[in-house]
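Peer 1: Have a look at the structure that comes next, please.
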Amino acid sequence: MKRKGIIFLIIVLLIAFTIKVIDLMGPNEDLQGEKQIIIRTGSSAKQIAEDLYRQDLIKSRTLFNLLVNIKGLENSLKAGVYNIKPEYRLLDIIDLLARGKVATFRVTIPEGFTVEEIARRLAVMTGYSEEDFLRYARVNPGKDYLVEDKDIIYPLEGFLYPDTYIIPTEYKAGEILEVMLSVFESRWLERIKAAVDGKGEQETGLVVNKKVVNGYSLHEIMTIASLIEKEAKLDEEKPLVAGVIYNRLRMNMNLQIDACIQYILGERKERILYSDLQIDSPYNTYLYPGLPPGPIASPGAESIKAALNPADVDYLFYFALQDGSHVFTRTYNEHLRLQNEMRR
């Protein structure tokens, strides 16, 4: 009798468990009418489950993740705008996200693009104007890592991560830029925060020159990374350019970076004129010591890495060659001598 009782109890528990699973897989009866959800680029399956659960579109995050894993869809749920109907069951929602049947457009933001260049490219791809994007870029959308300062032209400058994006056509201008911010956040934010807090490679996955980087903020690191991005074409030279920047900052020397002048002008000039160097702007690193108020472009991965791990060199000067490479020197006299030799 005792054994029969145990078997009966197991059967009852299995039935109860099955009923519960069936209930969790069914539609959410609390959902009133069709509801729209936005799945951001770069969202993990766990993040998507959390978003769906928070908006009462699914009943169980655990079961969602379990079914996604069983179906092998961990990396196949697509970003986009989805309309979830009240009758959709859990598997219906998973299949919908895996199919990704939303109208989208594809846009590539190259490394080194400024906010204005990004706005120009997005305006061509969407029905919005450049000003629609720039209006959003002038305001901090509540991100604690962005800095609002009267001297900063665009608080979002430097944080719209360069990448190829698949954007739903229904997105508004601000939502498109939020996607780009979210990719920076998911790939870099916590890692850079940990690095400037003194954490090492094991915690950050990054090689960090703590001796040099110590004392700099995340915003300053991204500013330095943007300078590196605009100054160095070759990845192998980026740590060297970073080394020069940190050396000059340490010695209270003006950075004298031409890319900052280009940023002020808002256009690419083949030749910087002496009059350009006299423009009164906090971004003019010929006139003002230290870093500019903020980033001057969107840095790529190699520039960010170089900003965190500059080469241990004593160079203070460099000049560009026609092939895009640079000659690095320790003294101004050597800098001038080599430039004169190159002109002969």
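Peer 1: All but one of (1) free of Cβ contacts under 8 Å to residues at least 40 places away in the same chain; (2) outside any loop (DSSP other than H, G, I, E, B); (3) among the basic types (Lys, Arg) hold for residue 248; state the number of the condition that does not hold.
Peer 2: (1)
Peer 1: On the basis of being out of contact with any strand residue (DSSP E or B) (no Cβ under 7 Å at 6 or more places or on another chain), more than 24 Å from residue 181 (Cβ to Cβ) and at pLDDT below 65, does residue 68 make the cut? Give the steps one after another, and end with the answer.
Peer 2: Numbers: out of contact with any strand residue (DSSP E or B) (no Cβ under 7 Å at 6 or more places or on another chain): yes; more than 24 Å from residue 181 (Cβ to Cβ): yes; at pLDDT below 65: no.
When the stated conditions are applied, residue 68 does not pass them.
Peer 1: When you look at residue 58, is it in contact with a Leu (Cβ under 6 Å, 6 or more places away or on another chain) and either at pLDDT 95 or above or β-branched (Val, Ile, Thr) (or both), yes or no? First the steps, then the outcome.
Peer 2: Details: in contact with a Leu (Cβ under 6 Å, 6 or more places away or on another chain): yes; either at pLDDT 95 or above or β-branched (Val, Ile, Thr) (or both): yes.
Taking the combined requirement at face value, the residue satisfies it.
Peer 1: Something else: Which of the residues spanning the range 59-114 are in a loop (DSSP other than H, G, I, E, B), within 29 Å of the chain's Cα centre (by Cα) and not small (Gly, Ala, Ser)?
Peer 2: 73, 74, 75, 77, 78, 101, 102, 109, 110, 111, 113, 114 - these are the residues of the range 59-114 that are in a loop (DSSP other than H, G, I, E, B), within 29 Å of the chain's Cα centre (by Cα) and not small (Gly, Ala, Ser).
Peer 1: Ok, one more. Does at least one position in the range 96-107 carry a residue that is over 30 Å from residue 259 (Cβ atoms), exposed (fewer than 14 other Cβ atoms within 10 Å of the Cβ) and not aliphatic (A, V, I, L, M)?
Peer 2: yes
Peer 1: Might you let me know whether the range 185-193 holds any residue that is among the small types (Gly, Ala, Ser), part of a helix (DSSP H, G or I), modelled with pLDDT of 90 or more and more than 16 Å from residue 105 (Cα to Cα)? Spell out the reasoning first.
Peer 2: As a first pass, look at the range 185-193 and keep what is among the small types (Gly, Ala, Ser): 186.
Subset that is part of a helix (DSSP H, G or I): 186.
Remaining after also requiring modelled with pLDDT of 90 or more: none.
No, there is no match, as no residue in the range 185-193 is among the small types (Gly, Ala, Ser), part of a helix (DSSP H, G or I), modelled with pLDDT of 90 or more and more than 16 Å from residue 105 (Cα to Cα).
Peer 1: Something else: Could you tell me whether any residue of the range 170-186 is touching a residue at least 24 places away in the same chain (Cβ under 8 Å), in contact with an Asp or Glu (Cβ under 7 Å, 6 or more places away or on another chain), of a type in the set (Gly, Ala, Ser) and closer than 30 Å to residue 83 by Cα?
Peer 2: yes
Peer 1: When the residues of the range 323-340 are narrowed to those that are surrounded by 13 or more Cβ atoms within 10 Å (Cβ to Cβ) and among the β-branched types (Val, Ile, Thr), which ends up nearest to residue 244 (Cα to Cα)?
Peer 2: So, considering only residues that are surrounded by 13 or more Cβ atoms within 10 Å (Cβ to Cβ) and among the β-branched types (Val, Ile, Thr), the one nearest to residue 244 (Cα to Cα) is 329.
Peer 1: Please count how many residues of the range 195-212 are closer than 30 Å to residue 108 by Cβ and buried (at least 17 other Cβ atoms within 10 Å of the Cβ).
Peer 2: 5
Peer 1: Looking at 306, 297 in this structure, which one is hydrophobic (A, V, I, L, M, F, W, C), in contact with a Pro (Cβ under 8 Å, 6 or more places away or on another chain) and either in a loop (DSSP other than H, G, I, E, B) or in the same structural domain as residue 240 (by TED's automatic domain parsing) (or both)?
Peer 2: Of the residues listed, the single one that is hydrophobic (A, V, I, L, M, F, W, C), in contact with a Pro (Cβ under 8 Å, 6 or more places away or on another chain) and either in a loop (DSSP other than H, G, I, E, B) or in the same structural domain as residue 240 (by TED's automatic domain parsing) (or both) is 306.
Peer 1: When the range 317-341 is examined, which residues are found to be under 30 Å from the mean Cα position of the chain (by Cα) and either part of a loop (DSSP other than H, G, I, E, B) or of a type in the set (Gly, Ala, Ser) (or both)?
Peer 2: Residues satisfying the conditions are 320, 323, 324, 325.
Peer 1: Within the range 269-284, is there a residue that is of a type in the set (Phe, Trp, Tyr), at pLDDT below 95 and either part of a helix (DSSP H, G or I) or touching a Phe, Trp or Tyr at 6+ places or on another chain (Cβ under 9 Å) (or both)?
Peer 2: The answer is yes; a qualifying residue exists.
Peer 1: Test of understanding: among 311, 297, 301, which residue is aliphatic (A, V, I, L, M), touching an Asp or Glu at 6+ places or on another chain (Cβ under 8 Å) and closer than 18 Å to residue 234 by Cα?
Peer 2: Going through 311, 297, 301 in turn, just one is aliphatic (A, V, I, L, M), touching an Asp or Glu at 6+ places or on another chain (Cβ under 8 Å) and closer than 18 Å to residue 234 by Cα: 297.
Peer 1: Could you go through the range 194-210 and let me know if any residue there is under 21 Å from residue 154 (Cβ atoms), in a helix (DSSP H, G or I) and at pLDDT 90 or above.
Peer 2: No, the conditions are met nowhere in the range 194-210.
Peer 1: Scan the range 24-35 for residues that are modelled with pLDDT of 70 or more and not in a loop (DSSP other than H, G, I, E, B) and jot them down.
Peer 2: Result: 35, single match.
Peer 1: Out of the range 228-272, which residues are of a type in the set (Gly, Ala, Ser) and under 22 Å from the mean Cα position of the chain (by Cα)?
Peer 2: 232, 242, 259
The values are calculated or read from the model by the stated rules, or taken from the named source; none is laboratory data. The model shown is predicted, which means the values in this text are computed figures rather than measured ones. Neighbour counts are summed over all protein chains in view; Cβ atoms, including those assigned to glycine, are modelled from backbone coordinates with ideal geometry.
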